[in-house]
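Chemist: Sharing a structure with you now.
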Amino acid sequence: MNNGRDLEKSIKDFFKRDVEFDIDMVGEVLKFGPETLIGIDSISATKLEENGIGSIQDLADLSPNNPPKIEGILPKMLEKWIKIANVLIKAVRKELKQLKKILLLGLDNGGKSSILAVLQNKFSTIQSLMPTKGVKREKLDFFGFPVISWDLGGQETYRKDYLDQPQVYFTDVDLIIYVIDVQDISRLEESGRYFSDLLELFQDLGEFPPILIAMHKSDPDYRKSLEFQQNIKKIKDIFNPITEEYNGFYTEYYDTTIFQKETIMMMFSDALKKISHTSEIIDNILREFVQKIKAKASSLISLDDLIFGSFEEKAEQEQLLNNSAFMLHTLSNFHKSQGYKRENTIKMNFPQNNFAIRGEQLFEYSAHNIPVYLWVLTENPELIDEYIDVFSEQLAPLIHMFL
Ligand SMILES: Nc1nc2c(ncn2[C@@H]2O[C@H](COP(=O)(O)OP(=O)(O)O)[C@@H](O)[C@H]2O)c(=O)[nH]1
Ligand SMILES: [Mg+2]
């Protein structure tokens, strides 16, 4: 997340270009009328005002889960505007958490350092890995916030350390990725015990960060084996009862492997979405876009393969689109490395299957100017041009405030 003047600039991006905006009086924006926001037309704004919603503050005071019924305004639209107003309020009050903390935990040899190495090589914004020799902890600077990797297990003294001082290690954690080696079932019980200890500690602290469970070393060839199926079952048989015992935790399983980097990217994209300020709104907008242009799926993905959001009618369409996008990103990067100009639009037609995949560069994000593409899987590519600008304009400020 940006701060200082950057934050103010990010706030300004939510407003129409002709809105008079004094960057030193940023607190005033909450009094602005709804029509000043990008994506709210004047007819809708008038309807809002007739219903007593005359400012951004008024919008934020409504409940996004139960928006009032206003004739001529779709509930989904109103819900989106309320969420945007809420993000703006938090930004203005500087309540958006600036520093996010992700813990990568699991037994030693599970593959945590390797996962971090994949991330580091993927993201140009990442600052270098700081392995500490002898110490079983590593830290990676990921878009300006720390991902801390930490080996559990093995030495009992180490375990005592965090059990005795849980507040030092475990407060203010935004998300946990718990890594299990699917190929080494012999240490599964041990891993389960640590997992159980962790949940107990967090419960005692009254904190319930979301937990992504990486069933790591799910290598392409290994996944085809019967042993893999059996091990997955054993893992779930041990871990599911633990999460049920300590209720209140969100958990989700992922199959990851360093041999398919996209499996790691997808897990981290989900991780970032979980802790993002704006990912829900981005998904709302993508849904609107897909419906408007009669497409099947749409994703917003950076060229370093961070997925900011997606919407699809069916899960397999998301896979088809995202994996195709990853490969086309690789192709685009290859062309760039050969000295060619990067194309703003990337298209592939699949006439035998009656669909097209198209990526449109919308804008760049982060200080490193990484291009972000809006990807679409559709049978009606001709409809994209008509609406892309309208949606691009709404998505840009949300990306800048993603974290
Ligand atoms: N087959 C396979 N091996 C992996 C994978 N990820 C890591 N490894 C190997 O597992 C071992 C332990 O990895 P490391 O990242 O050091 O684990 P850490 O102790 O959790 O940090 C190393 O030999 C890695 O090469 C994977 O996805 N598949
Ligand atoms: Mg390690």
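Chemist: For the stretch 212-223, does any single residue satisfy the condition of being within 20 Å of M266 (Cβ to Cβ) and in a helix (DSSP H, G or I)? Working first, answer last.
Modeler: Filtering the stretch 212-223 down to residues within 20 Å of M266 (Cβ to Cβ) leaves 212-223.
Restricting the remaining residues to those that are in a helix (DSSP H, G or I) gives 222-223.
Yes, the stretch 212-223 contains at least one residue that is within 20 Å of M266 (Cβ to Cβ) and in a helix (DSSP H, G or I).
Chemist: Further question on the same structure: Take the residues in the stretch 99-112 that are surrounded by fewer than 18 Cβ atoms within 10 Å (Cβ to Cβ) and within 16 Å of ligand 2 (Cβ to nearest atom), then tell me which one is nearest to D181 (Cα to Cα).
Modeler: Of everything passing the filter in the stretch 99-112, N109 is nearest to D181 (Cα to Cα).
Chemist: Now, a different point. Among the residues of the stretch 75-115, count how many are within 16 Å of ligand 1 (Cβ to nearest atom) and among the β-branched types (V, I, T).
Modeler: The qualifying residues number 2.
Chemist: Sticking with this structure for a sec: Could you please give the count of residues in the stretch 127-143 that are modelled with pLDDT of 65 or more and not aliphatic (A, V, I, L, M)?
Modeler: Selection size over the stretch 127-143: 7.
Chemist: Next question, about the same structure. Enumerate the pairs (first residue in the stretch 316-342 and closer than 16 Å to G359 by Cα; second residue anywhere and in a helix (DSSP H, G or I)) with beta-carbon separation below 8 Å, excluding pairs fewer than 6 apart on the same chain, so at least 6 apart or on different chains.
Modeler: Matching pairs, first to second residue: N322/E262; N322/M266; N323/E262; F326/E262; F326/M265; R342/S332; R342/H335; R342/K336.
Chemist: To continue, here is another question. Restricting to the stretch 224-276, name every residue that is in a strand (DSSP E or B) and either under 13 Å from L119 (Cα atoms) or not polar (S, T, N, Q) (or both).
Modeler: E252, Y253, Y254, D255, T256, T257, Q260
Chemist: Taking the residues in the stretch 225-270 that are surrounded by 19 or more Cβ atoms within 10 Å (Cβ to Cβ) and more than 21 Å from I102 (Cα to Cα) as candidates, determine which candidate is farthest from ligand 2 (Cβ to nearest atom).
Modeler: F228
Chemist: So in the stretch 147-171, with the set limited to residues that are within 16 Å of ligand 2 (Cβ to nearest atom) and modelled with pLDDT of 65 or more, which one is surrounded by the fewest Cβ atoms within 10 Å (Cβ to Cβ)?
Modeler: So the residue we want is I148.
The values are calculated or read from the model by the stated rules, or taken from the named source; none is laboratory data. Source: prediction; values computed, not measured. Backbone-built Cβ (ideal geometry, glycine too); neighbour counts: all protein chains shown.
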